[in-house]
1. Going down the table (Lys111/Lys218; Lys54/Lys111; Lys63/Lys430; Lys11/Lys209), which pairs top 26 Å between alpha carbons?
2. Specify the longest stretch of the chain that does not include any exposed loop site, a site being one of the GluC sites (Glu not before Pro) with a non-H, G, I, E, B DSSP assignment and at most 15 other Cβ atoms within 10 Å.
3. With θ taken as phi - 60° and the coefficients 6.51, -1.76 and 1.60, list the Karplus ³J(HN,Hα) couplings across segment 139-152 in order, rounded to whole Hz; mark glycine and proline as x.
4. I need the phi-derived Karplus couplings for segment 437-452: 6.51 cos²θ - 1.76 cosθ + 1.60, θ = phi - 60°, integer Hz, Gly and Pro marked x.
5. So, with +1 on the Cβ of K and R and -1 on the Cβ of D and E, and no other charges, what is the size of the charge dipole of segment 41-151 about its Cα centre, to the nearest 20 debye?
6. Taking all pairs of different Cα atoms in the chain, averaging 1/r and flipping that mean, what Kirkwood radius in angstroms comes out?
7. Quick one: length gained pulling Asp131 to Asn55 fully straight, 0.36 nm per residue minus the C-alpha distance?
8. Return the distance in nm (one decimal) between the two label points of a simple spin-label model at Glu16 and Asp166, each offset 7 Å from Cα along Cα→Cβ.
Amino acid sequence: MPKTLLSVDPKKLPWEQDPPVHNRWHPDIPPTATVAEGDVFRVETIDWTGGQIKNDDSADDVKHVDLTQVHYLSGPISVPTAQPGDLLKVEILDVGPLAGDEWGFTGTFHKDNGGGFLTDHYPEATKACWDFEGVYAQSRHIPGVRFAGLIHPGLIGTAPSQELLDMWNSRESALQSTVDTPKMTTTCAHMHTRPLATWPNPTGAMLGKVGHFKHGPKEAGWERIAGEAARTVPGRENGGNCDIKNLSRGCSLYLPVFVPGANLSMGDMHFSQGDGEVSFCGAIEMSGFLDLKLTVIKGGMKLLPVVGPSPLSVNPIFEIGPMEPRYSEYLVFEGVSVDENGVQHFLDATLAYKRAVLNCIKYLANFGYTEEQIYLLLSCCPCEGRISGIVDVPNAVATLAIPLAIFDRDVRPKAGDALEALAKGITIKKVFPDCAHESTPDTAPAPLDPRL
């Protein structure tokens, strides 16, 4: 077994971990460990919320989750031979849940605290908890479903340079400044508008060795770093929160290096995820471990295409490995860029994927599930999303493929009593226990981590 370079204890609070974790990107967050090229080592991670979500039958913790804290990452890890302009090759040798903590959760955020892809249709918080049995996951909140997971880190990346950090903050603040103005951007008229970007926020900041916003000592410069540090929510030039579900055992990442040592960090471990992670709270979230090996490709950043105004306008390359669940039969749902009011949009791939997801939810709800259960399921099961057409004006076409073998019943269209009932306008009875819901759906969320 590889040596454990960074360990965590999921029973401890995030700010009690030793070595410390962090939840922001900044070049001045110092490394917590150093490795040499070619070393094989293990990194352990806590779940992305830092233990705020519990294995119970209420979605109140999802409703009131404190999103200023996320994502908690292990690292940074320094590689002394890495310099700006290099590529860092990260080989994922093994991944898994932490021993003794073999469970995970999927949720949908409340529309006023996080939201999600289909918030305009499903505005309340919900939750499903999953138990792991070897490579398989099943949930008491979505009965009749069992599937093999493809464990992966939702978030892994290198530290930005100050120049790159300033570029992020400039462009994202410019986007956010359009809120409530005629220039405000939304993906389409029928998607609930959430914050357009996640800007620096000292509240909730955990900056590794530099300190926590509330507990323990802070090193000199904490206020400056916390006021500049980028949130970890989106994927960016450094990798980050890309949520690529196939990035599992046997995969390699080629990450650009922006600071001496590269300063690699990772977290947001997923037991399984559907393409798009549509519920946003959204894969099967868990604590976990990664076994890694690092290699520096000197000057390798020159291999990455520069698309943008800066030489830093590059993106990582990912090499997908041979491991994945083996499914041979799928039911595929199509969506086009026509919204729910019948309004035509021009080649809107986001809207097309939204329609594909909605079509799938409403179809599978005919088999004894609530729509909220299927929304949760599509965020975390090994479903395949595709842009199938992006040139045939005016409609973009997106598809969502659901493996049939994950269900304990046949969900293909067929003649029978259910079809006859639907033809008569009779609603199909829900036969399964439901997912976890809010206890007070008529009240607004009050984001709070009582452990603080």
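The values are calculated or read from the model by the stated rules, or taken from the named source; none is laboratory data. These numbers were taken from a predicted model, which means no experiment stands behind them. Note: ideal-geometry Cβ built from the backbone for every residue, glycine included; neighbour counts use all protein chains shown. Only protein heavy atoms, including side chains, enter the accessible area calculation; ligands, DNA and RNA are left aside. Shrake-Rupley method; radii C 1.70, N 1.55, O 1.52, S 1.80 Å.
1. Working: Lys111/Lys218 34 Å; Lys54/Lys111 20 Å; Lys63/Lys430 24 Å; Lys11/Lys209 20 Å.
Among Lys111/Lys218; Lys54/Lys111; Lys63/Lys430; Lys11/Lys209, the Cα-Cα distance tops 26 Å for Lys111/Lys218.
2. On the way: sites that count: Glu37, Glu219, Glu329, Glu340.
Here the longest run is 38-218.
3. 10, 5, 8, 9, x, x, 10, 8, 8, 7, x, 10, 5, 7
4. So the J values, rounded to whole Hz, are 10, 5, 7, 9, x, 8, 10, 6, x, 10, x, 6, 9, x, 6, 6.
5. Details: 8 positive and 17 negative charges, 38 e Å.
The dipole magnitude comes to about 180 debye.
6. On the way: mean 1/r = 0.0439 Å⁻¹.
So the Kirkwood estimate lands at 22.8 Å.
7. Working: separation 76, 0.36 × 76 = 27.36 nm, distance 0.97 nm.
Computed gain between Asp131 and Asn55 is 26.4 nm.
8. Label at Glu16, label at Asp166, 4.1 nm between them.
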